[in-house]
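A short worksheet on the structure shown next.
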Amino acid sequence: MNLFDEIKAERKEPVNIIHGTDWWTDCDDIAALRLLLRAHKAGLIRLLGIGINSVMEYSAPSVSAFCEYDGLRIPIGVDKSALRDGGNCRYQKLLAEYPHTIRSNEDCPDAWRLYRKLLAELDGKADITDVGFPQIIMQLLQSGPDELSPLSGTELVKEKVNRVWLMAGRWDMPNGKEYNLSAYPVCSEAGDYLCRNCPVPITFVGFEVGLDVITGGNAAEDDPLRRAFIAHGSADGRCSWDPLTVLTAILQDEAKAGYGVVRGYARVDPVTGENNFTADESGPHRFVTQQHSGQWYADRINALLS
């Protein structure tokens, strides 16, 4: 019995999740999506949609193909303002060689509108996970009433979202600086905006907790995940920032994911992206701290990926 089987025995109904990913040049995003797809198929979650927050030519087609390889067609939205010319992704074109329904990024709605639609139509609540640049959530919060909902974005999130789970920040030092909050001006702006304006709790999984957790090297040779990791140059596995984040959200409990928690108020500098934290048990934000060896976390994830 693997971890998902254990949780399924305890869970009365699936958790709704909307997932954001930069799906750009790194490959831990692929392992994170695989965990979500398998949790969906196991009945632990309902993966309502995927937002791509850093975009290259084959982004949406490759996400579509990866989901459809696992037998799932998940709605995909794209932040079309986030087209990235830099970087060299060795796996997106490879993945897009698998059968897929979405042929181009232009086939997808704007991601923030997809989020609004999914939340407005939802009977119940959802969690939002994001393992990339957080501007889609900012765009959602800043959105106004429309034909999808009479609520503003902030009101809609307050009514329909339980919690936001972010792979973002470095919390083991003052003035920490991490890529997802500092790579581009919009990342820092979005991080600052979320910390100040998000009406629901945010859990941060920081850079420091994924650095020594190496996963993804044990997938079957013909698995597109394995092929993508090899193309990336990570045949033996990759740091697990993104899989750790989504697994914590799937489990719905930082302690069950093997973490301690520091509660308080997070701050992100809107210019530099540097993050700081003020501990306060009544605060709306949390960051997680490792309670086990890196291998302990890696073994759990690899068991779910293999």
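Is there any pair linking a residue in the stretch 280-306 that is farther than 19 Å from Asn2 by Cα to one that is at pLDDT 95 or above and part of a loop (DSSP other than H, G, I, E, B), with Cβ under 6 Å and at least six apart or on different chains, and which?
As it stands, the answer is Pro284/Pro201; Phe287/Trp171; Phe287/Gly206; Val288/Glu254; Gln291/Gly258, since those pairs meet every condition given.
What number of residues in the stretch 203-234 are in a loop (DSSP other than H, G, I, E, B) and either modelled with pLDDT under 95 or farther than 23 Å from Lys177 by Cβ (or both)?
Here is the first cut: in the stretch 203-234, the residues in a loop (DSSP other than H, G, I, E, B) are 206, 211-213, 216-223, 233-234.
Retained after the next criterion (residues that are either modelled with pLDDT under 95 or farther than 23 Å from Lys177 by Cβ (or both)): 216-223, 233-234.
Residues flagged as in a loop (DSSP other than H, G, I, E, B) and either modelled with pLDDT under 95 or farther than 23 Å from Lys177 by Cβ (or both) within the stretch 203-234 amount to 10.
Residue check, Gly233 against (1) free of Cβ contacts under 8 Å to residues at least 60 places away in the same chain; (2) under 26 Å from Leu305 (Cβ atoms), all met but one. Which one?
The failed condition is (1).
Taking the stretch 97-135, which residues are part of a loop (DSSP other than H, G, I, E, B) and surrounded by 22 or more Cβ atoms within 10 Å (Cβ to Cβ)?
First pass over the stretch 97-135, keeping only residues part of a loop (DSSP other than H, G, I, E, B): 97-104, 108-109, 122-125, 131-134.
Listed by number, the residues that qualify are Ile102, Cys108, Val131, Gly132, Phe133, Pro134.
Which fully enclosed strands (runs of 3 or more DSSP E) of the stretch 1-83 have 3 or more residues being under 23 Å from Leu251 (Cβ atoms)? So that I can check it myself, show each step before the final result.
Working: elements: 15-21, 45-52, 76-78.
Output list reads 15-21, 45-52.
Can you tell me which condition Trp171 does not meet? The list is (1) in a loop (DSSP other than H, G, I, E, B); (2) of a type in the set (A, V, I, L, M, F, W, C); (3) out of contact with any strand residue (DSSP E or B) (no Cβ under 8 Å at 6 or more places or on another chain), and all the others hold.
Result: Trp171 fails condition (3) only.
The values are calculated or read from the model by the stated rules, or taken from the named source; none is laboratory data. Owing to the predicted nature of the structure, the values given are computational and were not obtained by experimental measurement. A quick note on method: Cβ atoms are made from the backbone with ideal geometry, for glycine too, and the neighbour counts reach across all protein chains shown.
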